[in-house]
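Inspection log for the structure reproduced underneath, given as structure tokens.
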Amino acid sequence: MAKKKTNKKQKSMEEMLWDSANKLRGSVESSEYKHVVLSLIFLKFASEKFEHRKQELIEEGKEKYVDMVEFYTMKNVFYLLEECRWKFIVQNSKQDDLAVKIDSALHTLEKNNKALKGALPDNYFSRLGLDVSKLAALIDTINNIQTLRDKEQDVVGRVYEYFLGKFALAEGKGKGEFYTPKSIVNLIAELIEPYKGKIYDPCCGSGGMFVQSIKFVENHSGNQKDISIYGQEYTSTTYKLAKMNLAIRGISANLGKIPADTFFKDQHPDLKADYIMANPPFNQKAWRETNELVHDSRWAGYEVPSASNANYGWILNMVSKLSKNGVAGFVLANGALSGGGTEKAIRTKMIENHLVEAIMVLPQSMFYTTNISVTIWILNKNKRAKTIKYSNIIRDYRDREDEILFMDLREIGEPFEKKFIQFSPQHIKDIAKTYHTWQQSRSEYKDIPEYCYSAHIDEIRKKDYSLVPSKYIEFVNRDENINFDKKMVGLQFEFSELLKAEKDSKKELLNLFRELGYEIEL
């Protein structure tokens, strides 16, 4: 009797990528793994989009146009010469000059597509001196990854996040340097609604914020042409990755002429953005010397941010870039909610200037590289009553100038790849609905214990300008939010009542014994 075939469990993209990295052990430093794999993933992704478009033309009866560049660029697809296509690389994967062929493919691809200028590695594989057999094995592994399987997935960003998660600590990099999980980016986009205008990210990483912003516009029947993208990235390899990530999706962006430090070489000094989305490095230490940037115009009207922690440097950089009706949504470590000294002085002035609109504390374990508690901040330059019209939406905002919405999202989320947490589409929809209801309707919005609370500025003043949500939201069951002073008073009262009752019981018992003729002491 023939044995029944068992379906072999299909490996996830992450498992395949780890296999890819393992093929390089002994040949390449771990810090280079992600760049080697990303370049090849990009080449395969571009090739698969090219082949998909080519097949479309054939099915449409336009076979005679399959070698005309215009029929690809009109769909934001790169036209690839024969020697740039993935199948050509696979066919030559056993040749001694494989590294040269890969470098040539990347160089030719960049040369023939202006959108890729400065995006792809230059002569990278040849310089690495990879063993041919290991490089060939790597090609075989990547060949099994279907880069177009999930059209909604930010493939390049997901790859980057994964590799940072595996190697960031080993490379000695700070915990703040990572790709922002997709569900958090989607939530920020749904909150600030970047329909039309200029979007800015001062620390854009691999460009994931921009990718999801454009998807938000498309998903809500907006026009991508109504959005202008501006960003900056310090790390050269990540800068290239961002350009690669955007270019392959046909997204035009101004990321500055070169990779550069946002604080010391601001490439968008006069920018006034309608929307800002960011995930700055958490608790960045020694970001400037004590006497550097003291007179920078970005801190005008505020205290100079502390040289020991860049959190408020990032915040004030974003505040300085907002247009008169601009909105910013960004992620920061929870420590920024209640720090003292200079941080408190800046936070106090921001609150009194009616800039802070909402604070949302997130669940732990949402990032690959850290389980640190983090918060989404929403800043709004115009919290007063107004009406804003989008292509298919009209928003009527109430005057919330003297209020801040606090939300606790720590108990919301679903498991993601066993040990991580993410927001589902329904979670994002529900959170955004609460926020927008608070913005638009005083009658429909209600404070909900352990979830949300609208605090007046007078309450915040009494709390010494702390922005910790648990100081405002009513909690019932969570131990960390019990009012222990009030609880202790109650317990002391109960105890005194028990003692009093016990004393009364003793008296009654003594009287009973005396009536029976016994004299005893209790």
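The values are calculated or read from the model by the stated rules, or taken from the named source; none is laboratory data. Keep in mind that this is a model prediction, so the values were computed, not measured. Cβ placement follows ideal geometry from the backbone for every residue including glycine, while neighbour counts extend to all protein chains displayed.
Of Trp299, Trp314, which residue is in the same structural domain as Ile378 (by TED's automatic domain parsing) and surrounded by fewer than 22 Cβ atoms within 10 Å (Cβ to Cβ)? Full working, then the answer.
Values: Trp314 fails: surrounded by fewer than 22 Cβ atoms within 10 Å (Cβ to Cβ).
The unique qualifying residue is Trp299.
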- Task: Could you list, in sequence order, all residues of segment 422-438 that are in contact with an Asp or Glu (Cβ under 7 Å, 6 or more places away or on another chain) and either over 12 Å from Ser183 (Cα atoms) or surrounded by 15 or more Cβ atoms within 10 Å (Cβ to Cβ) (or both)?
- Result: Gln422, Ile428, Ala432, Thr437
- Enumerated strands (runs of 3 or more DSSP E) restricted to segment 319-388, each holding at least 1 residues that are basic (Lys, Arg) and surrounded by fewer than 17 Cβ atoms within 10 Å (Cβ to Cβ): 322-333
- Every listed condition ((1) out of contact with any Phe, Trp or Tyr (no Cβ under 9 Å at 6 or more places or on another chain); (2) farther than 17 Å from Leu109 by Cβ) holds for Tyr65 save (1)
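Quick check: anything in segment 59-72 touching a helix residue (DSSP H, G or I) at 6+ places or on another chain (Cβ under 8 Å) and touching a residue at least 40 places away in the same chain (Cβ under 8 Å)?
From segment 59-72, those touching a helix residue (DSSP H, G or I) at 6+ places or on another chain (Cβ under 8 Å) are 62-63, 65-66, 71-72; that's our starting set.
Subsequent filtering for residues that are touching a residue at least 40 places away in the same chain (Cβ under 8 Å) retains none.
No, the conditions are met nowhere in segment 59-72.
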- For the subset of segment 215-259 comprising residues that are farther than 20 Å from Asn113 by Cα, among the hydrophobic types (A, V, I, L, M, F, W, C) and crowded, with 22+ Cβ neighbours inside 10 Å, which member is modelled with the lowest pLDDT? Val217
- Message: Within segment 355-362, does at least one residue satisfy the condition of being over 25 Å from Asn283 (Cβ atoms) and either assigned by TED's automatic domain parsing to the domain that holds Tyr200 or at pLDDT below 95 (or both)?
- Response: no
- Message: Among the residues of segment 30-52, are any modelled with pLDDT of 90 or more and farther than 19 Å from Ile145 by Cβ?
- Response: no
- Item | Sole exception among (1) assigned to a loop (DSSP other than H, G, I, E, B); (2) within 26 Å of Leu293 (Cβ to Cβ); (3) touching a residue at least 40 places away in the same chain (Cβ under 8 Å) for Pro269, by number | (3)
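For the condition in the same structural domain as Asp122 (by TED's automatic domain parsing), under 33 Å from the mean Cα position of the chain (by Cα), among the hydrophobic types (A, V, I, L, M, F, W, C) and not in a helix (DSSP H, G or I), what is the one hit in Val28, Val37? Working first, answer last.
Values: Val37 fails: not in a helix (DSSP H, G or I).
It is Val28.
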- Those residues of segment 29-44 which are in contact with a helix residue (DSSP H, G or I) (Cβ under 9 Å, 6 or more places away or on another chain) and more than 13 Å from Ala137 (Cβ to Cβ), in sequence order: Ser30, Ser31, Glu32, Tyr33, Lys34, His35, Leu38, Ser39, Ile41, Phe42, Leu43, Lys44
